[in-house]
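Each remark here refers to the structure printed beneath this line.
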Amino acid sequence: MKSKKETFLQFSKSLPRKPYFLSMIILIFFFIMLGFIGRNYYSAYNLTTKFRLWMPLLLVALGQTFVILGGGLDMSVSSLLALVNVVTVRLLMSLSGSPFQVPIAILAGIGVGITAGFVNGLLVTYLRLPPLISTYGTQIVWGGLALRVLHQSGGEVPFSWYTVYSSTFLGIPFSVYLLALLLLGVYYLKRTGFVTQLKACGGNIHGAYESVLPVNKLRIQSYMLCGFFASLAAICIVAETVTGNPLSGSGYELESISAVALGGTSLAGGAGGFLGSILGAIVLKLINDVIFFAGLGVNYQVLAQGLIIILALAAGGQLTKQNTSRAQLKRRKKV
Amino acid sequence: MKNSSLTLRKVRLGFRNPTVIALFLCFLILLIGNLVSPGFASFGLIVNILVVASFVGLVSGGQFLIILGGGNGLDLSVGRFVTLGAIIGGVVSQKQDSKLILALLAVMVATFLLGLVNGVGVTHFRIPPLVMTMSMSIVIIAIIRFITGGIGVPGASKLLQKIITGKVLGIPGILYIWILFAVFLHYLMNNTTFGVKLMAMGTNDYAARLAGVKVKRLRTLLYGFSGMIAGITGFLYLGYLSSVYNISLGDKFTLISVIAVVVGGTSLGGGKGTYIGVAIGAFLLQLMESFLVTIRIDQSMRQVLFGTILLVIIFMYGREQKMQN
Amino acid sequence: MVVCKATGVSKRYGEVVALDNMNFSLQESEIHYLVGVNGCGKSTLCKIIAGVVAPDAGELEIEGVPVSLMSPNEAKRRGIAVVYQELSLIPQLSIEENIMLGIEPREKSLGLVDRKASTETALHYLGYFKNVLPLDEEYVKQTVADLPIDEQQIVEIAKALARKPKIIIFDEATASLHKQQVDAFFSILRELKSVGVSTIVISHKMEEITEIGDRVTIMRSGKLVNTVAVKDVTGDQVIHMMVGDKELLERKRAHMDFKDVETVFQVNGLTGKRIRDVSFHLKKGEILGLGGLQGQGQTEVLLALFGSIPFEAQSVELGGKPVDLSTTVKAMDHSLAYISGDRKKAGVFSERPIFENIIISSLIKFNRKVFSRKRMNEEILPLLSQIRTTFGKLSDPANSLSGGNQQKIVIGRWLMTKPAILLLDDSMKGIDVGATKEFYDIMHTLCDAGMSVIWHSSEDLELLNNTDRVLVFDSGQIVDELVGERLNEVELYRAALDSRKKHIAVE
């Protein structure tokens, strides 16, 4: 049996080879900086608020990770957020007074998300449409449907939603519990071998067929999971804003893909992980805070956001290259 | 007997040719549109639709080159390049006709260089084109904000407006520019080494390298061209709008340029497609939009129909090859 | 008991006959070797048994049941597993995940993967290689992409074993293994035999056959030569059966003496991936062959000289002057040309017109920016008729042609650049006999006019009948040089295999 210390040493040694290493370093750097320049950044109140605002991107990035690992891409998540948002809000309004108001609205929202994911999955598997362009197509469709359900921002959501969503239990915010629960679910999927099989589809689809995996089913499921996570993100947005907005998700498709890429997941599919996507999403969110507290203008915030993603990905590419050659070198020495 | 079956086969083959399908759809929409609302297919209206389509068509030209070049090529920063072109053009020319050439040069140089950054990131640092160009569009919006500094941008000079909207033989100047551009791209793809190399690279990266194509260099250049073409389009767009009304004026071009390229029959895998197809694709998209407006379908339903039709078109000829075994 | 029986199986690829009325039978728990010279149809036969390829004619029986139109999945259900040379592994996954992919052991309660059992199973199937691998729980957690090619091959073998097949086919699975690993592989074969599994092994290694094989089937040109018990034959007899009546195939190219001819190309100490210290010279008008078993570095030498893969060399001289061949364009500027036989991957631009396929390299080499189609056609048409290409219009896409004609398009592309040194990398693969002969004539004429050729071919006869000198390769090294009388198949195989024996003995 290994001692705890040994296990820890081993872990820290393997750390530079983890896909999320780079985003972790950036994150730690940002946190330290914020400790110095961010006034009261680490107050419980501020952190709770921040985390709540990060939540939708974290969730969408998690969902996007499934799709990308399986060799796909989902550009439709942005409109899907909007669609789930307005469906939930409309149901809340029309069921006002009914005892089942809340569960029905939430379940319907999630149902819409999963169904949309299923449609995306069908398009890219059985109909063999290219993921990028077909999810662009569904992005337009979901967006149109969202506008049909609700023409413009508005609608009333019981304020209790916000109260619950922003509440804390034992000092820990509700959103953290929600995320923890979902991560437990992701962990379950990892342990059932689902994630591994999905990676096989994304990594070498011929090899996946050769191993008699149900390739199409796995890929459809990945899109459904993405839809599921997107719908939860939408519901979080409803709770935060307490109103409906048919344009609420715009930009989330690209931001989530950036987060996934920053987290070290290969956009070609097959390699990467969920922890990375979470770190990547937080990095994206923190850039603005760092620039803000550094006293630079809002224009610099935007510039830095773009540049940091580019630099991080460029560095990430170099890092992987180095790691591979180091691994090969190590072997040669052994032999 | 044999002859007629041959003709039949040709017709059937024609219906598998994306350009033919797109053209056929254009006529179909014009026909139905004219039945539903007489005057829809009138010369004046068609010209109006063509003018709107021309800007999409120009931007799609750059997108077309990148997608043709293969390697999952894609430029999601074209929309911002359009805005940047309009803004640099406005700032440099200061509404003066005499500074128009200078402004055009400034636009070309700036957007070409920024486009090259995209290319270097994609080829030398192996950043996936999707994320690279998307991050670039964030950088460009920052640059735009630095340039404008929150203050308005001077609009187009008289001459520029005249070039774009002034009519010769009833046809506005921008359409002549578009036609010239199309002829140029057609020549480029069919009679120059550049075109042959580009198509080869898009079809088979490795074989192209073995045939003597400097793949990385060529691909980097493509991103420069795409940026530059979008920038020039933005400059021309300024002449059409006569003023920069807001700094997201080019954003809509990003998505629509990709769609126009695909609807025009260019394969996202690279190496297959014609600019004529792309131009027809751009026209078809605009026509569809106008048609849906004409038959008074409200915006949300329009969007749903637009997206669905798009998926159907892609289903008809944009499918991937069967993978299994 | 016969577990697998193929009767009268035939298969054509276009004009090439891969299998011609082939008969084959596999007994229960036997180790059956399948041998023959390159391109004799061994792989096609295996693909038919594995359901990957459907035969044009003939019958296939698995365990006494006739099967028709069997899909690969159906074949797997019937317990047929194949270990290919090209790997079916997922590079991004770990060794364990690859071995257990799709057959993960599960806990009863939640349907979770039983990680302990999974690791144990993976280790169990890798266990045969315990003497040559640092086997432990950490080892199987490594990513496959990080493994050297031989260990990837081992993982591929373990993956097939873990699916508990009844018939297992090893398609040159030992090609990249070294001596100790081969020993471990033998222990697998014995173990499989003892539990009643039948194996088909495709291999070029004679000493393997005599050491462990039960029966051996020898094939030639898609036909069965003989199936014999290993104990009844010697290695030399097998080689003779593989090669056949060599007197029937005559050599057309006259033996020439190149002693006093000027050297146009001189390479010293070429080293790179899969290439070890290769030195040779090439005379003006000479055809130099690169032979030996497949995949011994011949292709890599050609690619290195064409600037496509990095290399180091003491000196590379062209016409007595040192030259830089580090990029393809530089190699082209020095009038080198490379024609790969893998036309799909490295030759043809399948959806592009024939016209573009042909002109591309000349445009680049002669630095022409624009061209007129009409003038180009005037150059292309005589060239295409010279190499007897059949096509419809120059604007037809290349993939509208037959494989042979596609390859001629690539050949035309390079002849148009007027090369001084032509690098042929198995260029005639898949071209019909008539056209191939024409091509040989063209090569000979061009060489008489002063062009030099370095020619690698997997068709040994092609090599021996058309070259002036053959360098025999093994493991990236030149192990023998055949000239004059020694240019025959027996010498070639002996050189390729003997060196292997010595090589093993040294280790």
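The values are calculated or read from the model by the stated rules, or taken from the named source; none is laboratory data. This one's a predicted model, so the numbers in the text were calculated from it and none came from an experiment. For neighbour counting, all protein chains shown are included, and Cβ atoms are generated from backbone atoms with ideal geometry for every residue, glycine included. Remember, those area values only see protein heavy atoms, side chains included, never the ligands or the DNA or RNA. Shrake-Rupley method; radii C 1.70, N 1.55, O 1.52, S 1.80 Å.
Within the range B:89-108, the presence of a residue that is within 13 Å of another protein chain (Cβ to nearest Cβ), under 30 Å from B:ILE280 (Cα atoms) and either touching a residue at least 60 places away in the same chain (Cβ under 8 Å) or outside any helix (DSSP H, G or I) (or both) is excluded. Would you confirm whether any residue within the range C:88-97 is farther than 30 Å from A:VAL195 by Cβ, open to solvent by 50 Å² or more (accessible area, probe 1.4 Å) and either in a loop (DSSP other than H, G, I, E, B) or not aromatic (Phe, Trp, Tyr) (or both)? Taking every residue of the range C:88-97 in turn, none turns out to be farther than 30 Å from A:VAL195 by Cβ, open to solvent by 50 Å² or more (accessible area, probe 1.4 Å) and either in a loop (DSSP other than H, G, I, E, B) or not aromatic (Phe, Trp, Tyr) (or both). Among the residues of the range A:34-51, is any outside any helix (DSSP H, G or I), in contact (Cβ under 8 Å) with a residue 12 or more places away in the chain, of a type outside the set (S, T, N, Q) and within 14 Å of another protein chain (Cβ to nearest Cβ)? Taking every residue of the range A:34-51 in turn, none turns out to be outside any helix (DSSP H, G or I), in contact (Cβ under 8 Å) with a residue 12 or more places away in the chain, of a type outside the set (S, T, N, Q) and within 14 Å of another protein chain (Cβ to nearest Cβ). Name every residue in the range A:247-257 that is open to solvent by less than 10 Å² (accessible area, probe 1.4 Å) and over 10 Å from the mean Cα position of the chain (by Cα), in order of residue number. If the condition is that a residue be open to solvent by less than 10 Å² (accessible area, probe 1.4 Å) and over 10 Å from the mean Cα position of the chain (by Cα), then A:GLY249 is the only one that fits.
For the range C:4-19, does any single residue satisfy the condition of being in contact with an Asp or Glu (Cβ under 7 Å, 6 or more places away or on another chain), in contact (Cβ under 8 Å) with a residue 40 or more places away in the chain, among the basic types (Lys, Arg) and open to solvent by 50 Å² or more (accessible area, probe 1.4 Å)? Yes, the range C:4-19 has at least one match. When the residues of the range A:164-198 are filtered to those that are within 9 Å of chain C (Cβ to nearest Cβ) and touching an Asp or Glu at 6+ places or on another chain (Cβ under 8 Å), which remaining residue is modelled with the lowest pLDDT? Filtering first and then ranking leaves A:GLY193.
Can you find even one residue in the range A:206-226 that is away from chain C (no Cβ under 11 Å), of a type in the set (Asp, Glu) and either free of Cβ contacts under 8 Å to residues at least 24 places away in the same chain or assigned to a helix (DSSP H, G or I) (or both)? Looking for residues that are away from chain C (no Cβ under 11 Å), of a type in the set (Asp, Glu) and either free of Cβ contacts under 8 Å to residues at least 24 places away in the same chain or assigned to a helix (DSSP H, G or I) (or both), one finds none in the range A:206-226, hence no.
For the range C:336-355, the tally of residues that are within 8 Å of another protein chain (Cβ to nearest Cβ), closer than 15 Å to C:LEU422 by Cβ and not in a loop (DSSP other than H, G, I, E, B) stands at 2. Selection over the range A:21-50 of residues that are under 22 Å from A:ALA312 (Cβ atoms), of a type in the set (Phe, Trp, Tyr) and open to solvent by 30 Å² or more (accessible area, probe 1.4 Å) gives a count of 4. Out of everything in the range C:49-58 that is more than 17 Å from A:GLU210 (Cβ to Cβ) and outside any strand (DSSP E or B), what residue ends up being most open to solvent (accessible area, probe 1.4 Å)? Residue satisfying both the conditions and the ranking: C:ASP56.
Residues in the range C:311-328 that are loosely packed, with under 15 Cβ neighbours inside 10 Å, touching a residue at least 24 places away in the same chain (Cβ under 8 Å) and in contact with a Gly (Cβ under 6 Å, 6 or more places away or on another chain): C:GLN314 only.
Selection over the range A:263-303 of residues that are closer than 24 Å to A:LEU183 by Cβ, open to solvent by 10 Å² or more (accessible area, probe 1.4 Å) and part of a helix (DSSP H, G or I) gives a count of 7. Inspect all residues belonging to the range C:356-376 and state whether any of them is more than 12 Å from every other protein chain (Cβ to nearest Cβ), assigned to a helix (DSSP H, G or I) and among the hydroxyl-bearing types (Ser, Thr, Tyr). No.
Where helices (runs of 4 or more DSSP H) fall wholly inside the range B:171-289, the ranges with 1 or more residues that are within 14 Å of chain C (Cβ to nearest Cβ) are B:173-191, B:193-203, B:205-210, B:215-241.
Yes or no, residue by residue, for (1) closer than 21 Å to A:TYR20 by Cα; (2) modelled with pLDDT under 85; (3) polar (S, T, N, Q):
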position: A:ALA281; (1), (2), (3): yes, no, no
position: A:TYR300; (1), (2), (3): no, yes, no
position: A:ALA304; (1), (2), (3): yes, yes, no
position: A:LEU307; (1), (2), (3): yes, no, no
position: A:LYS321; (1), (2), (3): yes, yes, no
position: A:SER325; (1), (2), (3): yes, yes, yes
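I need the full set of residues from the range C:211-225 which are at pLDDT 85 or above and of a type in the set (S, T, N, Q), in order please. Residue satisfying the conditions is C:THR217 alone.
When the residues of the range A:195-215 are filtered to those that are open to solvent by less than 10 Å² (accessible area, probe 1.4 Å) and small (Gly, Ala, Ser), the one that is farthest from the chain's Cα centre (by Cα) is A:SER211.
A quick yes/no check of all residues on (1) open to solvent by less than 20 Å² (accessible area, probe 1.4 Å); (2) over 28 Å from the mean Cα position of the chain (by Cα); (3) charged (D, E, K, R):
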site: C:VAL370; (1), (2), (3): no, yes, no
site: C:LEU381; (1), (2), (3): no, yes, no
site: C:SER385; (1), (2), (3): no, yes, no
site: C:PRO397; (1), (2), (3): no, no, no
site: C:ILE411; (1), (2), (3): yes, no, no
site: C:TRP414; (1), (2), (3): yes, no, no
site: C:PRO419; (1), (2), (3): yes, no, no
site: C:LEU422; (1), (2), (3): yes, no, no
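Where residues in the range B:152-170 are open to solvent by 50 Å² or more (accessible area, probe 1.4 Å), assigned to a helix (DSSP H, G or I) and not hydroxyl-bearing (Ser, Thr, Tyr), which of them is farthest from C:VAL370 (Cα to Cα)? Of everything passing the filter in the range B:152-170, B:LYS158 is farthest from C:VAL370 (Cα to Cα). Being hydroxyl-bearing (Ser, Thr, Tyr) and either crowded, with 17+ Cβ neighbours inside 10 Å or within 25 Å of the chain's Cα centre (by Cα) (or both) is a property that holds for C:SER203. The condition (being touching a strand residue (DSSP E or B) at 6+ places or on another chain (Cβ under 8 Å) and surrounded by 19 or more Cβ atoms within 10 Å (Cβ to Cβ)) is satisfied by just one residue among A:THR88, A:THR135, A:THR192: A:THR88. If you go through the range B:291-305 one residue at a time, do you hit one that is surrounded by fewer than 24 Cβ atoms within 10 Å (Cβ to Cβ), over 17 Å from the mean Cα position of the chain (by Cα) and on the phi > 0 side of the Ramachandran plot? So far as the range B:291-305 goes, yes, one or more of its residues are surrounded by fewer than 24 Cβ atoms within 10 Å (Cβ to Cβ), over 17 Å from the mean Cα position of the chain (by Cα) and on the phi > 0 side of the Ramachandran plot. The residue that is nearest to A:ILE205 (Cα to Cα), among those in the range A:119-145 that are facing another protein chain (nearest Cβ under 7 Å) and of a type in the set (Val, Ile, Thr), is A:ILE133.
I'd like the residue in the range C:466-482 that is open to solvent by 20 Å² or more (accessible area, probe 1.4 Å) and at pLDDT 85 or above and, out of all such residues, is nearest to C:TYR440 (Cα to Cα). Checked the range C:466-482; the qualifying residue nearest to C:TYR440 (Cα to Cα) is C:GLU481.
The single condition from (1) surrounded by fewer than 17 Cβ atoms within 10 Å (Cβ to Cβ); (2) among the charged types (D, E, K, R); (3) under 27 Å from A:ALA208 (Cα atoms) that C:GLU61 fails is (3). Kindly indicate whether C:GLY347 is at pLDDT 85 or above, within 24 Å of the chain's Cα centre (by Cα), open to solvent by less than 60 Å² (accessible area, probe 1.4 Å) and not aliphatic (A, V, I, L, M). Considered against the rule, which asks whether it is at pLDDT 85 or above, within 24 Å of the chain's Cα centre (by Cα), open to solvent by less than 60 Å² (accessible area, probe 1.4 Å) and not aliphatic (A, V, I, L, M), C:GLY347 comes out as yes.
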